[in-house]
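So the structure is just underneath, and the comments pick up after that.
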Amino acid sequence: MNLINQRKKIVRYTKKLNSTNLSSLRSGNISIRAKNKGINGFFITPSGINYSSLKPKDIIFVSLKGQFNKKKGKPSSEWRFHQDIYVNKKDAKAIVHTHSTCATAVSSHQKPIPAFHYMVGIAGGNDIKCAKYATFGTRNLSKNILSALKDRSACLISNHGQIVFGKNLETTFELAQEVENICHQYINALRIGIPKILSKREMKIVLGKMKNYKKG
Ligand SMILES: [Zn+2]
């Protein structure tokens, strides 16, 4: 995909944040791994621009070393964890981070989501982890997110929201919607008592089926 199309795609999906269950106003950010003038890095949503008026030229390129051209604007204040995920996860081609309502509510409990529903496996394991709290934009937060993303493609972030990555923006965006949906169901399940959790053995079968389904 050429660079202008990558910028356009980020704009399209960022506007979609506002029209789906994922976010409102300016919260949340989206990025795509990219190569610009021979430099490896990523395109990311900017800081301080209302998403409804976002244009392709507003999208900022940040190198994998964390450098960007200040004259072209500022990247999202949360660019650091995007950088750290791209550096550490070779299969990450796109990242969606949101403060979606239900994921944020569940994240405030600072606990993983257990397998109350088999779809929890969509993140890659028996549960969806919750990264430990650290101030937004800090390297500590990146570190906590990376450890919650070990063997997973999605996690909650304590008292903050959710983050997911994937092989392209289409499937990554869908994964974020799915995580939000799972959190919504989990909140409802907790309202009527303590849900029964699927066994590790059952989740192993589920994960195997999900892998084949993705391949097929
Ligand atoms: Zn955030």
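Filter region 159-175 for residues that are polar (S, T, N, Q) and surrounded by fewer than 19 Cβ atoms within 10 Å (Cβ to Cβ) and give the result. Before the answer, list the steps.
If we filter region 159-175 for residues that are polar (S, T, N, Q), which is where we start, we get 159, 162, 168, 171-172.
ASN159, ASN168, THR171, listed by residue number.
List, please: which pairs have Cβ atoms under 6 Å, are six or more places apart or on different chains, and start with a residue in region 130-143 that is among the basic types (Lys, Arg) and end with one that is part of a helix (DSSP H, G or I) and within 14 Å of the ligand (Cβ to nearest atom)?
Sorted first by the residue in region 130-143, then by its partner, the pairs are LYS132/ASN144.
Any idea which of (1) within 14 Å of the ligand (Cβ to nearest atom); (2) touching an Asp or Glu at 6+ places or on another chain (Cβ under 7 Å) is the one PRO114 doesn't satisfy?
(1)
Kindly indicate which of GLY166, GLY161, GLY137 is of a type outside the set (A, V, I, L, M), within 22 Å of LYS209 (Cβ to Cβ) and touching a helix residue (DSSP H, G or I) at 6+ places or on another chain (Cβ under 7 Å).
Working: GLY161 fails: within 22 Å of LYS209 (Cβ to Cβ); GLY137 fails: within 22 Å of LYS209 (Cβ to Cβ).
So the residue among GLY166, GLY161, GLY137 that is of a type outside the set (A, V, I, L, M), within 22 Å of LYS209 (Cβ to Cβ) and touching a helix residue (DSSP H, G or I) at 6+ places or on another chain (Cβ under 7 Å) is GLY166.
Quick one: LEU156 ticks every box in (1) more than 14 Å from PHE81 (Cα to Cα); (2) not in a helix (DSSP H, G or I) bar one, so which box is it?
Every listed condition holds for LEU156 apart from (1).
Can you tell me which condition CYS183 does not meet? The list is (1) over 17 Å from SER107 (Cα atoms); (2) within 16 Å of the ligand (Cβ to nearest atom), and all the others hold.
(1)
Here are the criteria: (1) surrounded by fewer than 21 Cβ atoms within 10 Å (Cβ to Cβ); (2) within 16 Å of the ligand (Cβ to nearest atom). Tell me which single one ILE4 does not satisfy.
For ILE4, the exception is condition (2).
If only one of LEU64, LEU54 is touching a Gly at 6+ places or on another chain (Cβ under 9 Å), closer than 26 Å to GLU170 by Cβ, more than 16 Å from the ligand (Cβ to nearest atom) and not aromatic (Phe, Trp, Tyr), which one is it? Don't jump to the end; show me each part of the working.
Numbers: LEU54 fails: touching a Gly at 6+ places or on another chain (Cβ under 9 Å).
Matching residue, one of LEU64, LEU54: LEU64.
Hey, can you tell me all the residues within region 158-174 that are within 13 Å of the ligand (Cβ to nearest atom) and over 17 Å from VAL120 (Cβ atoms)?
Residues satisfying the conditions are SER158, ASN159, HIS160, GLY161.
Restricting region 26-40 to residues that are within 13 Å of the ligand (Cβ to nearest atom) and of a type outside the set (S, T, N, Q), which is nearest to HIS160 (Cα to Cα)?
It comes out as GLY28.
Collect the residues in region 68-100 that are within 16 Å of the ligand (Cβ to nearest atom) and among the hydroxyl-bearing types (Ser, Thr, Tyr), keeping them in residue-number order.
Here is the first cut: in region 68-100, the ones within 16 Å of the ligand (Cβ to nearest atom) are 74-85, 95-100.
If the condition is that a residue be within 16 Å of the ligand (Cβ to nearest atom) and among the hydroxyl-bearing types (Ser, Thr, Tyr), then SER76, SER77, THR98, SER100 are the ones that fit.
Residues of region 4-57 being in contact with a strand residue (DSSP E or B) (Cβ under 6 Å, 6 or more places away or on another chain) and hydrophobic (A, V, I, L, M, F, W, C), which ones?
Result: ILE10, LEU22, ILE30, ILE32, ALA34, ILE39, PHE42, PHE43, ILE44.
Name the one entry in SER147, SER142 that is part of a helix (DSSP H, G or I), within 14 Å of the ligand (Cβ to nearest atom) and among the small types (Gly, Ala, Ser). Give the derivation first.
Numbers: SER147 fails: within 14 Å of the ligand (Cβ to nearest atom).
That would be SER142, the only listed residue that is part of a helix (DSSP H, G or I), within 14 Å of the ligand (Cβ to nearest atom) and among the small types (Gly, Ala, Ser).
If you take the residues of region 8-51 that are among the hydrophobic types (A, V, I, L, M, F, W, C) and closer than 15 Å to VAL62 by Cβ, which of them is surrounded by the most Cβ atoms within 10 Å (Cβ to Cβ)?
Our first condition is that a residue be among the hydrophobic types (A, V, I, L, M, F, W, C); within region 8-51, this holds for 10-11, 17, 22, 25, 30, 32, 34, 39, 42-44, 49.
Filter once more, so that each one left must be closer than 15 Å to VAL62 by Cβ: 10, 30, 32, 34, 39, 42-44.
On the way: ILE10: 27, ILE30: 30, ILE32: 23, ALA34: 22, ILE39: 13, PHE42: 27, PHE43: 23, ILE44: 25.
Among them, the one singled out is ILE30.
FYI, it's all coordinate maths here, none of it is from the lab. Since this is a predicted model, take the numbers as computed values, not measurements. Please note: Cβ atoms are built from the backbone with ideal geometry, for glycine as well, and neighbour counts cover all protein chains shown.
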